[in-house]
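So the structure is just underneath, and the comments pick up after that.
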Amino acid sequence: MKLRIKTEISARHLHLCQKDLDRLFGPSHRLKVRNKLSQTGEFAAEETVSLYNKHFRLENVRIIGPIRKASQVEITLTEARRFKINPSVNVSGDLKGAASIGVKGPKDRFVLKKAVIVAMRHIHASPAEARRYRLKNGQLISVRVGGRRGLTFENVIVRVRPNFRLSFQIDTDEANAAGLLGGEWGEVII
Ligand SMILES: [Zn+2]
(Lines give C-alpha, C1' and ligand atoms only; values in the text may rest on other atoms or scores of the structure.)
Protein backbone atom coordinates (compact mmCIF):
# COMPACT_ATOMS: atom_id res chain seq x y z
CA MET A 1 0.00 0.00 0.00
CA LYS A 2 1.32 3.42 -1.01
CA LEU A 3 1.06 5.92 1.82
CA ARG A 4 1.18 9.60 0.88
CA ILE A 5 1.81 12.17 3.55
CA LYS A 6 1.64 15.96 3.62
CA THR A 7 4.71 18.05 4.52
CA GLU A 8 4.62 20.57 7.37
CA ILE A 9 7.60 22.83 8.09
CA SER A 10 8.70 24.13 11.50
CA ALA A 11 10.85 27.22 11.87
CA ARG A 12 13.04 27.84 14.91
CA HIS A 13 11.10 28.24 18.16
CA LEU A 14 11.29 27.56 21.86
CA HIS A 15 9.24 26.09 24.68
CA LEU A 16 9.63 27.51 28.20
CA CYS A 17 9.06 26.30 31.74
CA GLN A 18 7.15 28.70 34.03
CA LYS A 19 10.29 29.63 35.96
CA ASP A 20 12.18 30.72 32.83
CA LEU A 21 9.07 32.45 31.45
CA ASP A 22 8.72 34.44 34.70
CA ARG A 23 12.37 35.49 34.58
CA LEU A 24 12.04 36.69 30.99
CA PHE A 25 8.59 38.34 31.18
CA GLY A 26 7.85 38.96 34.87
CA PRO A 27 6.24 36.98 37.74
CA SER A 28 3.32 34.63 36.93
CA HIS A 29 3.37 35.64 33.29
CA ARG A 30 0.76 34.00 31.05
CA LEU A 31 1.48 33.53 27.35
CA LYS A 32 -0.94 35.22 24.94
CA VAL A 33 -2.22 33.05 22.09
CA ARG A 34 -1.25 34.42 18.66
CA ASN A 35 -2.49 31.44 16.69
CA LYS A 36 -3.26 27.82 17.39
CA LEU A 37 -1.03 25.22 15.74
CA SER A 38 -2.60 22.74 13.40
CA GLN A 39 -2.69 19.59 15.46
CA THR A 40 -0.58 19.38 18.58
CA GLY A 41 -2.81 21.35 20.98
CA GLU A 42 0.01 23.89 21.08
CA PHE A 43 -0.07 27.55 20.08
CA ALA A 44 2.29 30.19 18.80
CA ALA A 45 2.45 32.90 21.47
CA GLU A 46 2.51 36.66 20.92
CA GLU A 47 5.70 36.71 22.97
CA THR A 48 9.13 36.36 21.38
CA VAL A 49 12.68 36.36 22.74
CA SER A 50 16.19 36.86 21.40
CA LEU A 51 18.71 34.03 21.31
CA TYR A 52 22.34 35.08 21.50
CA ASN A 53 25.91 34.20 22.18
CA LYS A 54 29.15 35.95 21.30
CA HIS A 55 29.03 34.64 17.72
CA PHE A 56 25.47 35.25 16.57
CA ARG A 57 22.06 36.56 17.53
CA LEU A 58 18.50 35.70 16.45
CA GLU A 59 15.72 38.22 17.19
CA ASN A 60 11.97 37.59 17.44
CA VAL A 61 12.18 33.87 18.12
CA ARG A 62 8.65 32.62 18.71
CA ILE A 63 7.60 30.96 21.97
CA ILE A 64 5.33 27.94 21.55
CA GLY A 65 2.83 27.43 24.38
CA PRO A 66 1.61 26.05 26.67
CA ILE A 67 4.46 26.05 29.17
CA ARG A 68 6.42 22.84 29.63
CA LYS A 69 8.27 21.15 32.47
CA ALA A 70 11.64 21.96 30.85
CA SER A 71 12.65 24.76 28.52
CA GLN A 72 13.69 23.62 25.04
CA VAL A 73 15.00 25.57 22.05
CA GLU A 74 14.71 24.10 18.53
CA ILE A 75 16.92 25.58 15.83
CA THR A 76 18.24 24.42 12.46
CA LEU A 77 21.75 23.13 11.85
CA THR A 78 22.44 26.28 9.78
CA GLU A 79 21.61 28.41 12.83
CA ALA A 80 23.66 26.13 15.10
CA ARG A 81 26.67 26.69 12.80
CA ARG A 82 26.21 30.47 13.05
CA PHE A 83 26.16 30.20 16.86
CA LYS A 84 29.13 27.78 16.70
CA ILE A 85 27.30 25.32 18.94
CA ASN A 86 26.80 21.62 18.35
CA PRO A 87 23.34 20.52 19.54
CA SER A 88 22.19 16.91 19.19
CA VAL A 89 19.54 15.94 16.65
CA ASN A 90 16.86 14.68 19.03
CA VAL A 91 13.20 13.91 19.35
CA SER A 92 11.42 16.84 21.03
CA GLY A 93 11.56 16.37 24.81
CA ASP A 94 14.94 14.59 24.76
CA LEU A 95 17.64 17.01 25.92
CA LYS A 96 20.52 14.52 25.88
CA GLY A 97 23.45 16.28 24.20
CA ALA A 98 21.56 19.58 24.11
CA ALA A 99 23.61 22.80 23.76
CA SER A 100 23.41 26.02 25.77
CA ILE A 101 22.34 29.45 24.50
CA GLY A 102 21.69 32.95 25.83
CA VAL A 103 18.04 34.01 25.92
CA LYS A 104 16.78 37.59 26.36
CA GLY A 105 13.28 38.82 27.14
CA PRO A 106 11.91 42.20 28.27
CA LYS A 107 12.78 41.59 31.96
CA ASP A 108 16.01 39.59 31.99
CA ARG A 109 18.63 37.69 30.06
CA PHE A 110 20.41 34.49 31.05
CA VAL A 111 21.92 31.31 29.65
CA LEU A 112 19.56 28.39 29.04
CA LYS A 113 21.82 25.49 29.90
CA LYS A 114 21.56 22.26 27.88
CA ALA A 115 18.31 23.30 26.22
CA VAL A 116 19.09 23.57 22.48
CA ILE A 117 18.38 20.71 20.09
CA VAL A 118 17.85 20.24 16.37
CA ALA A 119 14.50 18.46 16.08
CA MET A 120 14.72 15.01 14.54
CA ARG A 121 12.60 14.77 11.39
CA HIS A 122 9.43 12.87 12.20
CA ILE A 123 5.93 11.98 11.17
CA HIS A 124 2.88 12.52 13.33
CA ALA A 125 0.12 9.91 13.40
CA SER A 126 -2.96 9.31 15.53
CA PRO A 127 -3.30 5.85 17.14
CA ALA A 128 -6.00 4.97 14.57
CA GLU A 129 -3.77 6.04 11.65
CA ALA A 130 -0.85 4.12 13.12
CA ARG A 131 -2.98 0.96 13.29
CA ARG A 132 -4.35 1.46 9.77
CA TYR A 133 -0.91 1.93 8.20
CA ARG A 134 0.95 -0.44 10.57
CA LEU A 135 3.21 2.26 11.96
CA LYS A 136 4.69 1.97 15.44
CA ASN A 137 5.66 4.78 17.78
CA GLY A 138 9.45 5.16 17.61
CA GLN A 139 9.78 3.28 14.30
CA LEU A 140 12.20 4.72 11.72
CA ILE A 141 10.94 5.08 8.15
CA SER A 142 11.91 7.06 5.03
CA VAL A 143 9.90 9.68 3.17
CA ARG A 144 10.51 10.46 -0.49
CA VAL A 145 9.54 13.78 -2.01
CA GLY A 146 9.59 14.64 -5.70
CA GLY A 147 10.29 17.77 -7.67
CA ARG A 148 13.44 19.41 -9.05
CA ARG A 149 15.27 18.93 -5.73
CA GLY A 150 13.47 15.69 -4.89
CA LEU A 151 15.13 13.46 -2.33
CA THR A 152 14.53 10.68 0.17
CA PHE A 153 14.64 11.62 3.85
CA GLU A 154 15.93 8.70 5.93
CA ASN A 155 15.67 8.17 9.70
CA VAL A 156 12.22 9.73 9.98
CA ILE A 157 10.87 8.75 13.41
CA VAL A 158 7.19 7.89 13.83
CA ARG A 159 5.45 9.68 16.71
CA VAL A 160 1.98 8.49 17.68
CA ARG A 161 -0.28 10.59 19.92
CA PRO A 162 -4.06 11.02 20.15
CA ASN A 163 -3.94 14.69 19.09
CA PHE A 164 -1.66 14.04 16.10
CA ARG A 165 -2.82 13.76 12.49
CA LEU A 166 -0.80 12.13 9.75
CA SER A 167 1.85 14.58 8.55
CA PHE A 168 5.55 14.82 7.75
CA GLN A 169 7.37 17.28 10.03
CA ILE A 170 10.69 18.84 8.96
CA ASP A 171 12.59 22.02 9.70
CA THR A 172 13.40 24.88 7.35
CA ASP A 173 16.87 23.52 6.48
CA GLU A 174 15.40 20.20 5.42
CA ALA A 175 12.60 21.90 3.50
CA ASN A 176 15.06 24.12 1.64
CA ALA A 177 17.29 21.16 0.78
CA ALA A 178 14.32 19.60 -1.03
CA GLY A 179 12.83 22.88 -2.31
CA LEU A 180 9.67 22.45 -0.22
CA LEU A 181 7.40 25.26 1.00
CA GLY A 182 4.99 23.09 3.00
CA GLY A 183 1.88 21.25 1.84
CA GLU A 184 3.72 19.04 -0.67
CA TRP A 185 3.05 15.31 -0.64
CA GLY A 186 5.71 12.77 0.22
CA GLU A 187 5.65 9.01 -0.05
CA VAL A 188 6.32 6.85 3.01
CA ILE A 189 8.89 4.09 2.43
CA ILE A 190 9.00 1.41 5.13
ZN1 LIG B 1 8.94 22.43 19.52
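The values are calculated or read from the model by the stated rules, or taken from the named source; none is laboratory data. Every value quoted in this text rests on a predicted model; they were computed, and no experiment measured them. Cβ atoms come from the backbone with ideal geometry, glycine included; neighbour counts cover every protein chain shown. Side chains are part of the model used for accessible areas, which takes the heavy atoms of the whole protein and leaves out ligands, DNA and RNA. Shrake-Rupley method; radii C 1.70, N 1.55, O 1.52, S 1.80 Å.
Mind ordering 118-125, 158-165 by average Cβ neighbours within 10 Å, highest first? Walk me through the numbers on the way to the answer.
Numbers: 118-125: 22.0, 158-165: 15.6.
Ranked by mean Cβ neighbours within 10 Å, highest first: 118-125, 158-165.
For a Förster distance of 35 Å, can you work out the FRET efficiency between the beta-carbons of Ala70 and Ile190, rounded to the nearest 0.05?
Once the sixth-power term is evaluated, E becomes 0.60.
What is the sum of charges around Asp108, taking Lys and Arg as +1, Asp and Glu as -1, for the other residues whose C-beta is under 11 Å from the C-beta of Asp108? Don't skip to the answer; put the middle values down first.
Numbers: positive: Arg23, Lys104, Lys107, Arg109; negative: Asp20, Asp22.
Local net charge: +2.
What figure in square angstrom, to the nearest 10, would you give for the accessible area of Phe25 with a 1.4 Å probe?
30 Å²
At 7 Å along the Cα-to-beta-carbon direction for both Leu140 and Val91, put a label point, then send me their distance in nm to one decimal.
1.3 nm
Calculate the FRET efficiency for Asn163 and Asp108 from the Cβ-Cβ distance with a Förster distance of 45 Å, rounded to the nearest 0.05.
Computed FRET efficiency for Asn163 and Asp108: 0.85.
Taking the Cα-to-Cβ direction at Arg4 and at Thr152 and moving 7 Å from each Cα, how far apart do the two end points lie in nm?
2.0 nm
Using mean Cβ contacts within 10 Å as the protection proxy, how do 106-113, 84-91 order, highest first? Before the final figure, lay out the partial values.
Numbers: 106-113: 13.6, 84-91: 15.4.
Ranking the peptides 106-113, 84-91 by packing returns 84-91, 106-113.
Using a Förster distance of 35 Å, how high is the FRET efficiency between Ala128 and Lys84, based on the Cβ-Cβ distance and rounded to 0.05? Could you put the intermediate results ahead of the total?
Values: r = 44 Å, r/R0 = 1.26.
E(calc), rounded to 0.05, equals 0.20.
Return the calculated 222 nm mean residue ellipticity for the chain, to the nearest 500 deg cm²/dmol, obtained by summing -39500 (n - 2.57) across DSSP H runs with n ≥ 4 and dividing by the residue count.
Mean residue ellipticity, 222 nm, calculated: -3500 deg cm²/dmol.
May I ask you to compute the full-extension gain from Ala177 to Arg34, defined as 0.36 nm times their residue separation minus their alpha-carbon distance, rounded to one decimal in nm? It would help to have the intermediate numbers written out before the result.
Numbers: separation 143, 0.36 × 143 = 51.48 nm, distance 2.90 nm.
That works out to 48.6 nm of additional length.
Given +1 on the Cβ of Lys and Arg, -1 on the Cβ of Asp and Glu, and no further charges, what dipole in debye does the chain carry about its Cα centre, rounded to the nearest 20? Before the final figure, lay out the partial values.
On the way: 35 positive and 18 negative charges, 49 e Å.
Roughly 240 debye for the chain.
Computing the accessible area with a 1.4 Å probe over protein heavy atoms, can you report the carbon and sulfur percentage for the chain? The partial results should precede the final answer.
Working: 5090 of 10440 Å².
Roughly 49 percent of what the probe reaches on the chain is carbon or sulfur.
Give the relative contact order (percent, whole number) for the stretch 70-135; include only Cα pairs under 8 Å separated by 6+ residues.
On the way: 88 pairs, mean separation 22.6, N = 66.
For the stretch 70-135, the relative contact order is 34 percent.
For the charge dipole of the stretch 1-136, defined by +1 on Lys and Arg C-beta atoms and -1 on Asp and Glu C-beta atoms about the Cα centroid, which residue among Phe43, Phe110, Tyr133 has the Cα displaced farthest towards the positive pole?
Farthest along the dipole direction, towards plus: Tyr133.
Given a 1.4 Å probe, how much area per residue of the chain is accessible, in Å²?
Per residue, the chain has 55 Å² of solvent-accessible surface.
Name the lysines eligible as straight-distance cross-link partners of Lys113: C-alpha to C-alpha under 18 Å, and not fewer than 8 places from it in the same chain.
Hits, sequence-local ones excluded: Lys19, Lys54, Lys69, Lys84, Lys96, Lys104.
Along its three principal axes, how long is the chain when you only count alpha carbons? Whole Å, largest extent first please.
54, 33, 28
With the contact rule set at Cα under 8 Å and sequence spacing of 6 or more, what percent relative contact order holds for the chain? Present the calculation step by step, with values, prior to reporting the outcome.
Numbers: 437 pairs, mean separation 50.5, N = 190.
Reported relative contact order: 27 percent.
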